[in-house]
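Have a look at the structure below before the remarks.
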Amino acid sequence: MQSLSGASVVVIGGGIGGLSTACYLADSGATVRVVEKNEQLGGRASRLERDGFRFDMGPSWYLMPDVFERFFADFDRTPTDYYELTQLDPHYRIFFKGAENAPPADAPSGATHEEPSHSTGDRIDITPDLERTKALFEEYESGAGDALERYLEKSRENYEVGMKHFVYEDRSRVRDFLDLDVARQARGLSLLGSMQGHVEEYFDHPRLQQIMQYTLVFLGGSPSNTPALYNLMSHVDFNLGVWYPEGGIGRVIDAIEELGRELGVQYETGHPVTAIKGREGAFILETATGPLRPDLVVSNADYAHTERDLLTPDNRSYDEGYWESRTYAPSAFLLYLGVEGDVDELAHHTLVLPPEWENHFDRIFEDPQWPDDPAYYLCVPSKTDADVAPPDHSALFVLVPIAPGLEDTPEIREEYRDRILTDIAAHTGTELRDRIVFEERFCVDDFAERYNSFRGTALGLAHTLRQTALFRPPHRSSEVDGLYFVGGDTTPGIGMPMCLISGQLTADAVVTDHGTPEAT
């Protein structure tokens, strides 16, 4: 085994990728210090706590539990050493706006389908029971239940092969793919084509297509620009389940921080780095309280921010044109709301989807503007966790995906807030307006200011075909020896599980480059 004993490393940014990297590097013997710009660790997985309400400000879905199990197992621990999990039932609820694409009137009645009296739309629940879900699909389209089973089998295959050979292995160079073993493993995977085309091979009904594609929001893409390979997300959704960690996603961040402390990691919050100078063995990191002088540096700050703002031009791997030409995942308009009473119509996770699905994505990727008829997501953690709200109150947040870089003013926020509250009442039957006792808003400018995210994207680089695998920026700087990158802009990509794995891949690169054989 290789050891980093004697090496000092500073990790810039305490998002989940940085926290993961810190654990692996400390376990390899390095002296590790995490410096975070904001007042708390977690990066986009920050928490908002006020007036007795607690919100996860960013990620709120606990998916791919196997990734978290593997991470903690790498340190001879389990997630349950730190937090308990509850499987959600339903996994999530969907309200479809409008009745144009509802099931035919003579369709058989399914256990999870309901035509609510308050809406012209259609409400369904996706539950852990696959047979119920197949029956639900049959309501929309004859043969769709069997089609779902075939689709999920392909999704499972993509997941198992993809995770083992293309996610946990960092194939960041062309030569990594010019290998007979890689070609053999890739045979049969849905590598090319779009998610839209792939889903259309199995389902004709627009609403079934939407159900299979909604997970693209976790990848920051659209049905037309996301590779079909990512149908593996349906295995994550339908087969692995949707979970809630006791205490919310913030508790997961606490757990990884706690693990890091057990391994010797030091953390400092409220400590922004303003410049990276020098290189391996002679770094100087400028901060408001004085310079830091580590041997090695890992940046979990946004990749573009690190390159454009922290490095001098001659130390950058990419020029300004590169960042301007990329496709970015959406930003978001967020309302964090504390309300009196219950919100019975909503599940822990609820999606509200318009019939003009393509139009919403066009207003994010093709013709950026605030959407007229938005798709959006509501999270009500108080449905599962009584500790996130005062007695007889509910904590919920609303997330509307929007294009990054949109104009973001108090007037626009106020107008859009009213539009969304009206839409929620009209399509879910949940009237919130007169019950709100706490409210906080978060949007494009906040993402840019709080997280230094390029154009205020909420997630980073989207998973388009030209921004997947080796086409994402690498973990190693090509210009500065000893500088590494971790997080959603690198491989394997966006999302908490992927960033957790990114931490391992970055640490592996550091150990490969700078480790020495351990004495036996």
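Of everything in the stretch 433-461, what is under 14 Å from residue 399 (Cα atoms) and hydrophobic (A, V, I, L, M, F, W, C)? Give them in sequence order.
Those that are under 14 Å from residue 399 (Cα atoms) and hydrophobic (A, V, I, L, M, F, W, C): 442, 443, 444, 447, 458, 459.
State whether one or more residues within the stretch 455-463 are hydroxyl-bearing (Ser, Thr, Tyr), in the same structural domain as residue 297 (by TED's automatic domain parsing) and in a loop (DSSP other than H, G, I, E, B). Please lay out each step first, then the result.
If we filter the stretch 455-463 for residues that are hydroxyl-bearing (Ser, Thr, Tyr), which is where we start, we get 457.
With in the same structural domain as residue 297 (by TED's automatic domain parsing) added as a condition, the list becomes none.
No, because not a single residue in the stretch 455-463 is hydroxyl-bearing (Ser, Thr, Tyr), in the same structural domain as residue 297 (by TED's automatic domain parsing) and in a loop (DSSP other than H, G, I, E, B).
Across the stretch 352-378, what is the total count of residues that are in contact with a Leu (Cβ under 8 Å, 6 or more places away or on another chain) and part of a strand (DSSP E or B)? Explain how you work it out, then say what you get.
Our first condition is that a residue be in contact with a Leu (Cβ under 8 Å, 6 or more places away or on another chain); within the stretch 352-378, this holds for 352, 368-370, 375-378.
Retained after the next criterion (residues that are part of a strand (DSSP E or B)): 352, 376-378.
Residues that pass the stated criteria total 4.
When the residues of the stretch 442-461 are filtered to those that are among the charged types (D, E, K, R) and touching a residue at least 60 places away in the same chain (Cβ under 8 Å), which remaining residue is farthest from residue 58 (Cα to Cα)? I'd like the intermediate steps shown before the answer.
Of the stretch 442-461, the ones among the charged types (D, E, K, R) are 445-446, 449-450, 455.
Then drop every residue that is not touching a residue at least 60 places away in the same chain (Cβ under 8 Å), which leaves 450, 455.
Details: 450: 12, 455: 17 Å.
The selected residue is 455.
Are any of the residues in the stretch 303-325 without any contact (Cβ under 8 Å) to a residue 12 or more places away in the chain, of a type in the set (S, T, N, Q) and within 19 Å of residue 488 (Cα to Cα)? Write out each step before concluding.
In the first step, residues of the stretch 303-325 are kept if they are without any contact (Cβ under 8 Å) to a residue 12 or more places away in the chain; the result is 313, 319, 321-322, 324-325.
Retained after the next criterion (residues that are of a type in the set (S, T, N, Q)): 325.
Okay, now just the ones that are also within 19 Å of residue 488 (Cα to Cα), so 325.
Yes, the stretch 303-325 contains at least one residue that is without any contact (Cβ under 8 Å) to a residue 12 or more places away in the chain, of a type in the set (S, T, N, Q) and within 19 Å of residue 488 (Cα to Cα).
Could you identify the single residue in 488, 503 that is part of a loop (DSSP other than H, G, I, E, B) and closer than 28 Å to residue 312 by Cβ? Steps first, answer last, please.
Numbers: 503 fails: part of a loop (DSSP other than H, G, I, E, B).
Of 488, 503, the one residue that is part of a loop (DSSP other than H, G, I, E, B) and closer than 28 Å to residue 312 by Cβ is 488.
Within the set of pairs 6 or more residues apart or between chains, which connect a residue that is polar (S, T, N, Q) inside the stretch 385-413 to a residue that is crowded, with 17+ Cβ neighbours inside 10 Å and outside any strand (DSSP E or B) with Cβ atoms less than 7 Å apart?
Listed pairs, sorted by first residue: 394/343; 394/380; 394/382.
Condition first: farther than 26 Å from residue 59 by Cα and part of a loop (DSSP other than H, G, I, E, B). Now tell me which residues in the stretch 1-32 satisfy that.
1, 4, 5, 6, 7, 28, 29, 30
Picking from 354, 313, which residue would you name as being surrounded by 15 or more Cβ atoms within 10 Å (Cβ to Cβ) and either at pLDDT 95 or above or under 30 Å from residue 433 (Cα atoms) (or both)?
On the way: 313 fails: surrounded by 15 or more Cβ atoms within 10 Å (Cβ to Cβ).
When all the criteria are applied, what remains is 354.
List every residue pair whose Cβ atoms lie under 6 Å apart, where the two residues are 6 or more positions apart in sequence or sit on different chains, the first residue falls within the stretch 463-478 and is modelled with pLDDT of 90 or more, and the second residue, located anywhere, is charged (D, E, K, R).
473/489
Quick one: in the stretch 142-164, of everything that is crowded, with 18+ Cβ neighbours inside 10 Å and either hydroxyl-bearing (Ser, Thr, Tyr) or not in a helix (DSSP H, G or I) (or both), which residue is nearest to the chain's Cα centre (by Cα)?
159
Within the stretch 263-286, how many residues turn out to be outside any loop (DSSP other than H, G, I, E, B), touching a residue at least 24 places away in the same chain (Cβ under 8 Å) and not hydrophobic (A, V, I, L, M, F, W, C)? Can you show your working first?
First, pick out the residues of the stretch 263-286 that are outside any loop (DSSP other than H, G, I, E, B): 263, 266-268, 273-277, 284-286.
Filter once more, so that each one left must be touching a residue at least 24 places away in the same chain (Cβ under 8 Å): 263, 266-268, 273-277, 285.
Restricting the remaining residues to those that are not hydrophobic (A, V, I, L, M, F, W, C) gives 266-268, 274, 277.
Total meeting the criteria: 5.
Is the stretch 216-226 home to any residue that is surrounded by 22 or more Cβ atoms within 10 Å (Cβ to Cβ), among the aliphatic types (A, V, I, L, M) and part of a strand (DSSP E or B)?
Within the stretch 216-226, not a single residue is surrounded by 22 or more Cβ atoms within 10 Å (Cβ to Cβ), among the aliphatic types (A, V, I, L, M) and part of a strand (DSSP E or B).
Looking only at residues in the stretch 33-54 that are in contact with a helix residue (DSSP H, G or I) (Cβ under 7 Å, 6 or more places away or on another chain) and not in a strand (DSSP E or B), which one is surrounded by the most Cβ atoms within 10 Å (Cβ to Cβ)?
43
Starting from residues that are in contact with a helix residue (DSSP H, G or I) (Cβ under 6 Å, 6 or more places away or on another chain) and part of a strand (DSSP E or B), keep the ones in the stretch 336-350 and report whichever is surrounded by the most Cβ atoms within 10 Å (Cβ to Cβ).
Ranking the candidates gives 339 first.
Considering only residues of the stretch 424-446 that are acidic (Asp, Glu) and closer than 18 Å to residue 410 by Cα, which is surrounded by the fewest Cβ atoms within 10 Å (Cβ to Cβ)?
Filtering the stretch 424-446 down to residues acidic (Asp, Glu) leaves 431, 434, 439-440, 445-446.
If we keep only those that are closer than 18 Å to residue 410 by Cα as well, we get 439-440, 445-446.
On the way: 439: 12, 440: 16, 445: 15, 446: 19.
Looking at the filtered set, the residue picked out is 439.
Which numbered condition in (1) of a type in the set (Val, Ile, Thr); (2) free of Cβ contacts under 8 Å to residues at least 40 places away in the same chain; (3) more than 30 Å from residue 466 (Cα to Cα) is the only one that residue 215 fails?
Single failed check for residue 215: (3).
Answer with yes or no whether residue 234 is closer than 29 Å to residue 362 by Cα and surrounded by 20 or more Cβ atoms within 10 Å (Cβ to Cβ).
Details: closer than 29 Å to residue 362 by Cα: yes; surrounded by 20 or more Cβ atoms within 10 Å (Cβ to Cβ): yes.
Yes.
Counting only residues that are under 23 Å from residue 52 (Cβ atoms), assigned to a helix (DSSP H, G or I) and either in contact with a Pro (Cβ under 7 Å, 6 or more places away or on another chain) or not acidic (Asp, Glu) (or both), how many does the stretch 413-441 have? Show your work before the answer.
Residues of the stretch 413-441 under 23 Å from residue 52 (Cβ atoms): 417, 421, 424, 430-441.
With the extra rule that they be assigned to a helix (DSSP H, G or I), the set shrinks to 417, 421, 424, 433-435.
If we keep only those that are either in contact with a Pro (Cβ under 7 Å, 6 or more places away or on another chain) or not acidic (Asp, Glu) (or both) too, we end up with 417, 421, 424, 433, 435.
So the answer is 5.
Report whether or not residue 5 is modelled with pLDDT of 95 or more and either more than 29 Å from residue 336 (Cβ to Cβ) or not aliphatic (A, V, I, L, M) (or both). I'd like the intermediate steps shown before the answer.
Values: modelled with pLDDT of 95 or more: no; either more than 29 Å from residue 336 (Cβ to Cβ) or not aliphatic (A, V, I, L, M) (or both): yes.
No; evaluated as a whole, the condition is false for this residue.
Please go through the stretch 64-81 and give me each residue that is touching a residue at least 60 places away in the same chain (Cβ under 8 Å), surrounded by fewer than 20 Cβ atoms within 10 Å (Cβ to Cβ) and part of a loop (DSSP other than H, G, I, E, B), ordered by number.
Hits for the stretch 64-81 are 74, 75, 77.
The values are calculated or read from the model by the stated rules, or taken from the named source; none is laboratory data. Since the model is a prediction, treat every value here as computed from it, not as a measurement. Please note: Cβ atoms are built from the backbone with ideal geometry, for glycine as well, and neighbour counts cover all protein chains shown.
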